[in-house]
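The values are calculated or read from the model by the stated rules, or taken from the named source; none is laboratory data. Quantities reported herein were computed from a predicted structural model and do not represent experimental measurements. Note that we place each Cβ from the backbone using ideal geometry, even for glycine, and neighbour counts take in every protein chain shown.
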């Protein structure tokens, strides 16, 4: 496995792989890899253990511009040495781990890519600069790597939908794949931010997923009234945890549009604060 | 020469040319071709009359989102049949002339690419949505065509600088070339909008260039005070025409930064209204 901090050698290595006819796969991450990331590599590497068909590029970059001024950019966990070990074991071909200066030379970031319409609510409501930071850095990574395929975690469902919208609108020729969320045994969605949880918070956190599961059961049981389902889920989280719910929404899975009656595949999405730690989760319910 | 309205066959043709090892050149236009456009094709086609080295893609698209609500989108001149004839004679390989629906399906344009810092003044002051519309459509064209090289007219100097900034910031791997402005014998910069001028306005319009030339002479003569030079040029335009000057600025050519004293290569840029017709022009002065 190769490792580089710089765009130019990264591109050279990718071009060599492309000339060999390999499919270029990008997995963008902020590092501090856990089984969720490794699962993405696993899916990407499937039936190509000999590295003959796919060239997997994993970027590791804690992107400053997607963090708000009061968010956890500075304290976001980092562990490059361990990340490199895990990436190599999982089958990555090259790790791109740039410094901020390589991505934003001279601290300059005059150009932004912004998606409207699906970034203003859900996570966007409490994180107003977040998605603009995400789409800008992902557009840059797409231009640097020119991947044929890119993988994202389904845990960040809104993020995935926003990136899909951006790729479609800007005619970026990349196939986007969402990889199912990996969970602890008790159901908690893996996230680098789980590290921040106190012991009590950690014990309560799986309730988010249990509540989403209950919502799913109710929907599959035939309940169609969105407000009613939301109330039941919300009530359950409030009863079983001390978390402050930021949002609990049921939306059309296809485009995140609000709906009053369940009449199609939906996503139930939640964000909640356990103390200072903000966790998100979601599940799809096919109807 | 091939002609297509659709992205998919365009890409297929480009990929064939790329596989033959040809350099892909993009010339984005809004059509109604004049000698300024043809000069760009000529520069691009230079020393490759046999179409062996370069594959020249010319897009013809009057991009609605770069026009403000009170601007001339509807009446912007169009002449596709003549454009196709001229493009073929000049040596274009493929014309991409999409309908609005092909570029913005379902009228949707949720994603915008925006450059800050150099879009707010000069032309941006009177055309607040203009550059965002330009950078968005050019980003799309870059993703559709994936050119190795793209040509733009120097007449739209600010536009060229904005696109350069975008390409740098978003890591778009394209070489950008500004082609010198082509002029009528009397000095008027070629523009599709010259068509709008009345006979009197047409007679006065070359004064813009004459005034810029006088500014250049003064600078080369050693004058360093920017305000003083601006006053002389402005006064001359006001004396010799009925035009309403929108701006007359002297900026660092490199980055359009304002300056008080001439100490480097500068661009003298002007925008003025002759009746309802807005004309722009500029010249570079190497110091």
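Among the residues of segment B:122-131, those identified as surrounded by 20 or more Cβ atoms within 10 Å (Cβ to Cβ) and either in a helix (DSSP H, G or I) or not assigned by TED's automatic domain parsing to the domain that holds residue B:57 (or both) are B:123, B:130, B:131.
Restricting to segment B:96-111, what's the tally of residues that are touching a strand residue (DSSP E or B) at 6+ places or on another chain (Cβ under 6 Å) and either touching a residue at least 60 places away in the same chain (Cβ under 8 Å) or not assigned by TED's automatic domain parsing to the domain that holds residue B:83 (or both)? The number of residues fulfilling the criteria is 2. Taking the condition within 13 Å of chain B (Cβ to nearest Cβ), closer than 24 Å to residue B:169 by Cα, in contact with a helix residue (DSSP H, G or I) (Cβ under 9 Å, 6 or more places away or on another chain) and in contact (Cβ under 8 Å) with a residue 40 or more places away in the chain, does residue A:136 pass? It is true that residue A:136 is within 13 Å of chain B (Cβ to nearest Cβ), closer than 24 Å to residue B:169 by Cα, in contact with a helix residue (DSSP H, G or I) (Cβ under 9 Å, 6 or more places away or on another chain) and in contact (Cβ under 8 Å) with a residue 40 or more places away in the chain.
The requirement of being within 24 Å of residue B:148 (Cβ to Cβ), in contact with a helix residue (DSSP H, G or I) (Cβ under 9 Å, 6 or more places away or on another chain) and facing chain B (nearest Cβ under 8 Å) is satisfied by residue A:143. The set of residues in segment A:19-36 being without any contact (Cβ under 8 Å) to a residue 60 or more places away in the chain and farther than 22 Å from residue B:169 by Cα consists of A:19, A:20, A:21, A:22, A:33. In this structure, does residue B:208 turn out to be crowded, with 17+ Cβ neighbours inside 10 Å, under 28 Å from residue B:166 (Cβ atoms), in contact with a helix residue (DSSP H, G or I) (Cβ under 8 Å, 6 or more places away or on another chain) and not assigned by TED's automatic domain parsing to the domain that holds residue B:118? The answer is yes for residue B:208.
Would you be able to say whether some residue in segment B:8-18 is over 22 Å from the mean Cα position of the chain (by Cα), within 28 Å of residue B:108 (Cα to Cα) and more than 14 Å from chain A (Cβ to nearest Cβ)? Yes, that holds for at least one residue. Set side by side, the residues B:164, B:216, B:175, B:203 differ, and just one is free of Cβ contacts under 8 Å to residues at least 60 places away in the same chain, out of contact with any helix residue (DSSP H, G or I) (no Cβ under 7 Å at 6 or more places or on another chain) and in the same structural domain as residue B:235 (by TED's automatic domain parsing), which is B:203. For residue A:108, the conditions (1) within 14 Å of chain B (Cβ to nearest Cβ); (2) over 26 Å from residue A:8 (Cβ atoms) all hold with the exception of (2). Of all the numbered requirements in (1) within 17 Å of residue B:250 (Cβ to Cβ); (2) surrounded by fewer than 19 Cβ atoms within 10 Å (Cβ to Cβ); (3) touching a strand residue (DSSP E or B) at 6+ places or on another chain (Cβ under 7 Å), residue B:215 misses one, and that requirement is (2).
The single residue among B:279, B:284 that is assigned to a strand (DSSP E or B) and crowded, with 19+ Cβ neighbours inside 10 Å turns out to be B:279. Within segment A:148-157, is there a residue that is crowded, with 23+ Cβ neighbours inside 10 Å, in contact with a helix residue (DSSP H, G or I) (Cβ under 8 Å, 6 or more places away or on another chain), at pLDDT 95 or above and within 13 Å of another protein chain (Cβ to nearest Cβ)? No. In the set (1) crowded, with 16+ Cβ neighbours inside 10 Å; (2) touching a residue at least 24 places away in the same chain (Cβ under 8 Å); (3) more than 19 Å from residue A:190 (Cα to Cα); (4) within 14 Å of another protein chain (Cβ to nearest Cβ), the condition left unmet by residue A:114 is number (2).
When only residues in segment B:19-38 that are out of contact with any strand residue (DSSP E or B) (no Cβ under 6 Å at 6 or more places or on another chain) and away from every other protein chain (no Cβ under 13 Å) count, which is surrounded by the fewest Cβ atoms within 10 Å (Cβ to Cβ)? Per the criteria, the residue is B:20.
Counting only residues that are closer than 19 Å to residue A:121 by Cβ and within 14 Å of another protein chain (Cβ to nearest Cβ), segment A:159-168 holds 6 of them.
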